[in-house]
Structure formats: structure tokens, C-alpha cells
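Everything on this sheet refers to the single structure shown next.
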Amino acid sequence: MRFSLSQRLLLLAALVAVLFHSAPLGAQDFEREPINYNAREAKNRVSRLDDDLQAGRRKLAREESTGYLRSLLEALSVPVSSQTLVFSKTSLQRARITPQTPRALYFNDDVYVGYCQDGDMLEVAAVDPELGAVFYTLDQNQPQPRFERQSERCLICHGGSSTKDVPGFVVRSVYADSTGQPVLASGTHRIDQTSPLKHRWGGWYVTGTHGKQTHLGNLVVRGRQKPETIDNSAGQNVTDLADRFDTKAYLTPHSDLIALMVLEHQTDAHNYLTRASFTARQALFYEQELNRELKKPPGERWPSAVSRIRNASDELVDYLLFCEEAPLTEPLQGTSSFARDFAKQGPRDSKGRSLRDLDLQTRLLKHPCSYLVYSPSFAALPGEIKAHVHSRLWDVLTADKPEAKFAHLSAADRLAIREILTETLPDLPGYWRAK
């Protein structure tokens, strides 16, 4: 295709603008080259299961009460103990969600499954190494169900600033009334690992103990009282939800606070991983296009591309190492087997240590480095960004005096993390094993 001089100038201006754009790109950008979010075939745990279902290699069993839910969780290796319950109307099947009929959410490292009582569908989101979050529904009424990929309506909430301008995940804390409707006039909180407990879990049921620390869970707003002035002491340190709704309608009676803590860490970790991947791929693509337009050597590196990749890498490393994690002031204790189920997945080093070892005394993890370094999304990071992530991790973990933002990592922490990664993380550069 030949371009006129004016078209070539416009293209050149656009390439320069994108390449020098330091802020995250908008949602419209991941619909174009090199991402092509909707046009590209998804390849993730859910798409592979769908292939097996369509080929007859796998079948899902349907139960009268919960449909395909239990069988689907088993097929996707999602533990039932990961169940958390949200009663605010903040998802696709909002009409089904109330404090009496909360939505159940189940998850593992790369899949999320949502279930509503009497719902027509199961909502499923998979983490795709190339595309980020990919959304599906599974019809509960079909004898031979298949996954239907959803995009437009899901990306309204899952493809903008709240997910770092990539297809991603968001956890919110809201005040919800007796119908489950958020009381937006009282504000909302977007939750991740940096959020204080006092802002978490509004609109969610929470089971577990946490001492004198407070949270917004188990609170149903009634009447016209301002939600932020309501005494929620009855919602603290709750271990049984049976007096609030019919827990027998769910696979377990729990909405474990440890599962919630892990969920809140990993959802935003996925967003950082996706943004790092998209940023590198976009920067390198536009750099290549610009070199071609300016008749420069194909591999010529632009400082702006290097800067964008470095910034995205640094942000990812900060999050993976739990910078600014909200501290715990008293121990946490869940009510289900989730903590045990989570920790036993490993991998473990020769000293028996794992990045999945939970602390729950002053912080989430005993060794504060995200277990998502073992994920397919981390493994699939472009080489340029992965090299910088490896280098940045090494510098932080071996520094005699780390930067202030890593002060939460003691010398013992940094040594343990480095030793665990050296033994368990594939594809580390040789210099990791030289010291």
C-alpha cells in the first residue's frame, strides 16, 4: 500500500507521538497493532478447556443446585476454598446479587470464576499471557456448554484507568444497601495490597479474625444514615455467616479473609504484568515503524523506547516486591482451608522455603516477592522487559543499602528471596548464580 507524502507525514507524527508518550496508552491502543486484543485468538487455560470440550475430550457435569460450577472449578484446577462472597451489585449479573444472594468468586493464579444463584451463566476470566484479562461466559442451561468470549460490556469496567489502561481486573470496596446497590455518594475504594484494612471489603462478606483491626466487610447499609458513620463492630471478627444469609446454597460457608487478601494482591499484579508486556511490545513496534519511516537501521534503539520499557519494569518490580504494602498490626486467621491449600502449591527451594509461605502477622507473605513470577504471564514477558526486571530484582536484592522504598525488606528478607528465586525460577541470567 502506497502512502502520499501528506499521509506519510501524518503517520510519522503519530509514531513520534506514541513513542514519546510516557503515560500508559489508552484502551483504544490495545485494539491496534501490535496487541489486536479482540482480533487475536486467545490462548489461555480457559480457551484450552473449551477446545477439549468441543472435541469431546472433556465433559462438565451439571448439578441441580449450582449447575456446572463444581465441575468447572475442578476442570480449571480452582480450589473451592478460594470462595469469597460479594453482595454489592458491581458485576455482570447484578440483578441476581443481593445481601441474601451474594455472588461467589473463586480463583487460582490465572483464572477467576463468578457464580450467582439461579444465574443463567457462569462468568469466567482468564489471564492470557499475550492479551491480559480475557472474559467469558458459560451458559448454565446448555447440555453441551461452551465458553463465549465477551469483550465490549466487560471492558467498560475492565479496560480503563482502574485497570491501568489494559484488559485487567479491579477489586472495589463500597457501601452497599439492603438491595446490594452501592451508595456511591459515600465513595468507593479501589483495593490492592497497599490499601489499609479499614478501607477493604465494603460490599463483601468476610470470615476470619483480625484482632482490633477494622474493615468495611459484612456491613449492609439500612435506612438513610450516612454509611461512613455506621458502627460496624458486629461485622468484625465474624467466623460464621449463617445468620446473614443461607450459606448452604454455596459450595462452602466461607468468605475467607486470607483468600480476599491474596485476591487483592494478585489482581493488580496481573494488571502490572499486562501493562509491562503491552508497553514493551508497543514501544518496540512503534520504534520499528519509526525506523522504517526515517530510513534508519532496523535495530536502532530510541531512548524513549528504552525509557518506557524501564519505567514499566520498575513499576512491576516495585509491586512484585510489595512496596508500600499496608502493614498488619495484629495476626489474621481465616476460617477455611485456603491458607493451607495456597501454601502447599510451592515450588520450594532446598531449604523448604516458598514464595507462597504466608506470614499473616505483619504482612501477607513471609518472603515478600510475588509468586506470580512463576506465572505464564511473567514467562511470556518480552525479552527486553524481562531482562530489565531480572536486573532490577538483582540490584534490589543484593544492594548493601537498598533504596528507601525497599526498606520494608530486611537483609534477611532479601537474601531469602534471592536464594529462593535462584533455585526455583527458570531462565534467570547467569549472574544470578555467580554470587
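The values are calculated or read from the model by the stated rules, or taken from the named source; none is laboratory data. The structure displayed is predicted, hence computed values, not measured ones. Cβ coordinates were reconstructed from backbone atoms using ideal geometry, including for glycine residues, and neighbour counts include every protein chain displayed.
Just so you know, in segment 288-324 the residues that are small (Gly, Ala, Ser) and surrounded by fewer than 18 Cβ atoms within 10 Å (Cβ to Cβ) include one that is farthest from LEU355 (Cα to Cα), and it is GLY299. Within segment 288-303, residues that are assigned by TED's automatic domain parsing to the domain that holds GLU384 and of a type in the set (Ser, Thr, Tyr) reach no partner that is assigned to a helix (DSSP H, G or I) and modelled with pLDDT under 80 with beta carbons closer than 9 Å at six or more positions or on different chains. The criterion of at least 3 residues that are at pLDDT 95 or above and farther than 30 Å from TYR68 by Cα is met by the following helices (runs of 4 or more DSSP H) wholly inside segment 251-348: 257-293, 303-320.
When you look at LEU85, is it in contact (Cβ under 8 Å) with a residue 24 or more places away in the chain, in the same structural domain as THR239 (by TED's automatic domain parsing) and part of a strand (DSSP E or B), yes or no? Criteria met by LEU85.
Any residue at all in segment 35-52 that's small (Gly, Ala, Ser) and farther than 17 Å from PRO129 by Cα? Among the residues of segment 35-52, not one is small (Gly, Ala, Ser) and farther than 17 Å from PRO129 by Cα, which makes the answer no.
From the list ASP357, ASP318, ASP349, the one residue that fits, being without any contact (Cβ under 8 Å) to a residue 60 or more places away in the chain, assigned by TED's automatic domain parsing to the domain that holds GLY383 and closer than 20 Å to LEU397 by Cα, is ASP357. Confirm whether GLU287 is out of contact with any Ser or Thr (no Cβ under 9 Å at 6 or more places or on another chain) and within 30 Å of ARG32 (Cβ to Cβ). The answer is no for GLU287. Looking across segment 145-183 at every residue that is surrounded by fewer than 17 Cβ atoms within 10 Å (Cβ to Cβ) and modelled with pLDDT under 90, the one that is nearest to LEU73 (Cα to Cα) is identified as SER151. Only one of the numbered conditions (1) part of a helix (DSSP H, G or I); (2) without any contact (Cβ under 8 Å) to a residue 40 or more places away in the chain; (3) in contact with a strand residue (DSSP E or B) (Cβ under 7 Å, 6 or more places away or on another chain) is not met by CYS154, and that is (2).
Looking at this structure, is PRO99 over 19 Å from ASP139 (Cα atoms), in the same structural domain as GLY168 (by TED's automatic domain parsing) and out of contact with any helix residue (DSSP H, G or I) (no Cβ under 7 Å at 6 or more places or on another chain)? Yes; evaluated as a whole, the condition is true for this residue. Restricting to segment 97-133, give me the number of residues that are under 22 Å from PRO182 (Cα atoms), assigned to a loop (DSSP other than H, G, I, E, B) and aliphatic (A, V, I, L, M). Result for segment 97-133: 1.
Might you let me know whether segment 230-241 holds any residue that is more than 22 Å from ILE97 (Cα to Cα), surrounded by fewer than 20 Cβ atoms within 10 Å (Cβ to Cβ), at pLDDT below 95 and out of contact with any helix residue (DSSP H, G or I) (no Cβ under 7 Å at 6 or more places or on another chain)? Yes, segment 230-241 contains at least one residue that is more than 22 Å from ILE97 (Cα to Cα), surrounded by fewer than 20 Cβ atoms within 10 Å (Cβ to Cβ), at pLDDT below 95 and out of contact with any helix residue (DSSP H, G or I) (no Cβ under 7 Å at 6 or more places or on another chain). With respect to the conditions (1) touching a residue at least 60 places away in the same chain (Cβ under 8 Å); (2) farther than 22 Å from PRO79 by Cβ, ALA126 lacks only one, and its number is (2).
The residues of segment 99-151 that are in contact with a Cys (Cβ under 9 Å, 6 or more places away or on another chain) and among the acidic types (Asp, Glu) amount to a single one, GLU123. Considering the conditions (1) at pLDDT below 95; (2) more than 21 Å from the chain's Cα centre (by Cα), GLN117 is excluded by exactly one of them, (1).
When ALA434, ALA416 are checked against the criterion of being within 20 Å of SER350 (Cα to Cα) and in contact with a His (Cβ under 9 Å, 6 or more places away or on another chain), ALA416 stands alone in meeting it.
All but one of (1) of a type in the set (Phe, Trp, Tyr); (2) surrounded by fewer than 18 Cβ atoms within 10 Å (Cβ to Cβ); (3) closer than 21 Å to ASP359 by Cα hold for TYR431; which doesn't? It is condition (3) that TYR431 fails.
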